[in-house]
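For reference, the structure is listed below as structure tokens.
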């Protein structure tokens, strides 16, 4: 197992998040993202097109199914007992199957994480998040789904890599990498 | 009353927020802000020094009492029946006294809002927020107090005015103004 691990190339995991100013990523679990800008959408698609695979939660997958079913998408779900595939989409229960081992077995190099809150949280807690790219749309929602659904307050430190205004109304992209690098 | 209102100068209300990447402003209601940077603290103090008064919730006041009791601070609290003053600090129950009328009676021109989540929310809902300055510290907390404690999801649109990196590790300041301007 150790030999196998050291042979496999390191995967780079990049979380992509579109958020309000106040850190809300959706109204509810199955809400769409009609409030995100065309510029964010374009950026999001350009990152996905450079990714070998995409990790999404079941609700996020359902909202974005038309696009995600064309990609190598791993849908994290507690409903699947074993790995189930449907075209290029894999349904994986992270409590029953090891997500990292699965991704390494596929020889993926760049993997994008597209949410929602439980998936971002699972990836952060399990060291499956080397970078996070946060697009802040200029809205305050005051309620809705928070970016991360952690059980406990914890200080995960990141480092700002770049900052860019995406359009005139002020959609803003902040790109961070994890402070402590980890092997995988 | 109409004459009195038109005579009084318009107050500019500026909310100051320090947040994690994921929109959390504290671990709990009475937690301190030891995770905020020296650069944010300096910026925060410079804005307060240009403000005629400060609006704070009771918990925020208790956390920052040493600094706030030296200023014209209006503490919003459900515990006060009538206006109560203690030096330069006023305890005001916004359900019993009209906050805007009180601030206008004092001829304040610049008023800062320093939180917490309930106070930010109250001010946003009651059109007591012309600007919001958000300092994003490079952490993800996954849990804690969200920036706004709204009862319902709502789309409040803002416009980005400026963006600035405050230090090397990537503390970032975004300054927004409300899209719809309102009289007061």
For the stretch A:152-162, what are the residues that are in contact with a strand residue (DSSP E or B) (Cβ under 9 Å, 6 or more places away or on another chain) and surrounded by fewer than 17 Cβ atoms within 10 Å (Cβ to Cβ)?
A:153, A:154, A:155, A:157, A:159, A:161, A:162
Just wondering, is there one or more residues in the stretch A:32-53 that are assigned to a strand (DSSP E or B) and surrounded by 12 or more Cβ atoms within 10 Å (Cβ to Cβ)?
yes
When every residue in the stretch A:125-143 that is surrounded by fewer than 22 Cβ atoms within 10 Å (Cβ to Cβ) and within 22 Å of residue B:28 (Cα to Cα) is compared, the one farthest from the chain's Cα centre (by Cα) is A:143
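Every residue in the stretch B:157-174 that is in contact with a helix residue (DSSP H, G or I) (Cβ under 8 Å, 6 or more places away or on another chain) and in a strand (DSSP E or B), please.
B:173
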Take residue B:165 and decide whether it is touching a strand residue (DSSP E or B) at 6+ places or on another chain (Cβ under 6 Å), within 11 Å of another protein chain (Cβ to nearest Cβ) and without any contact (Cβ under 8 Å) to a residue 24 or more places away in the chain.
yes
Specify which of the listed residues (A:64, A:9, A:29) is in contact (Cβ under 8 Å) with a residue 40 or more places away in the chain, more than 13 Å from chain B (Cβ to nearest Cβ) and within 30 Å of residue B:154 (Cβ to Cβ).
A:64
Output the number of the condition that residue A:82 fails; it satisfies all remaining conditions of (1) farther than 27 Å from residue A:32 by Cβ; (2) buried (at least 16 other Cβ atoms within 10 Å of the Cβ); (3) more than 14 Å from chain B (Cβ to nearest Cβ).
(2)
Are any residues in the stretch B:141-151 at the interface with chain A (Cβ under 7 Å from one of its Cβ atoms) and either at pLDDT 95 or above or in contact with a strand residue (DSSP E or B) (Cβ under 6 Å, 6 or more places away or on another chain) (or both), and if so, which ones?
B:141, B:142, B:143, B:144, B:146, B:147, B:148
I need the full set of residues from the stretch A:168-180 which are at the interface with chain B (Cβ under 7 Å from one of its Cβ atoms) and modelled with pLDDT of 95 or more, in order please.
A:170, A:172, A:174, A:176
Restricting the stretch A:126-140 to residues that are touching a helix residue (DSSP H, G or I) at 6+ places or on another chain (Cβ under 9 Å) and at negative phi, the one nearest to the other protein chains (Cβ to nearest Cβ) turns out to be A:140
In the stretch B:80-111, what residues are farther than 16 Å from residue B:65 by Cβ and not in a loop (DSSP other than H, G, I, E, B)?
B:92, B:99, B:100, B:101, B:102, B:103, B:104, B:105, B:110, B:111
Could you grab me the full set of residues in the stretch B:133-156 that are part of a loop (DSSP other than H, G, I, E, B) and either without any contact (Cβ under 8 Å) to a residue 60 or more places away in the chain or within 20 Å of residue B:122 (Cα to Cα) (or both)?
B:144, B:147, B:148, B:149, B:150, B:151, B:152, B:153, B:154, B:155
Residue pairs qualifying under the 7 Å Cβ cut-off, at least six apart or on distinct chains, with the first in the stretch A:101-113 being farther than 9 Å from residue A:53 by Cα and the second being buried (at least 16 other Cβ atoms within 10 Å of the Cβ) and modelled with pLDDT under 95, are A:104/A:8
Taking residue B:107 and the conditions (1) at pLDDT 95 or above; (2) at negative phi, which numbered condition does it fall short on, given that it satisfies the others?
(2)
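Test residue B:122 against the stated conditions and say whether it is surrounded by fewer than 22 Cβ atoms within 10 Å (Cβ to Cβ) and either part of a helix (DSSP H, G or I) or in contact (Cβ under 8 Å) with a residue 60 or more places away in the chain (or both).
yes
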Taking the stretch A:92-125 only, how many residues are within 14 Å of another protein chain (Cβ to nearest Cβ) and over 13 Å from residue A:147 (Cα atoms)?
1
It is to be established whether one or more residues within the stretch A:174-183 are in contact (Cβ under 8 Å) with a residue 24 or more places away in the chain and closer than 30 Å to residue B:180 by Cα.
yes
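The values are calculated or read from the model by the stated rules, or taken from the named source; none is laboratory data. Bear in mind the structure is a predicted one, so any value in this text is a computation, not a measurement. Note that we place each Cβ from the backbone using ideal geometry, even for glycine, and neighbour counts take in every protein chain shown.
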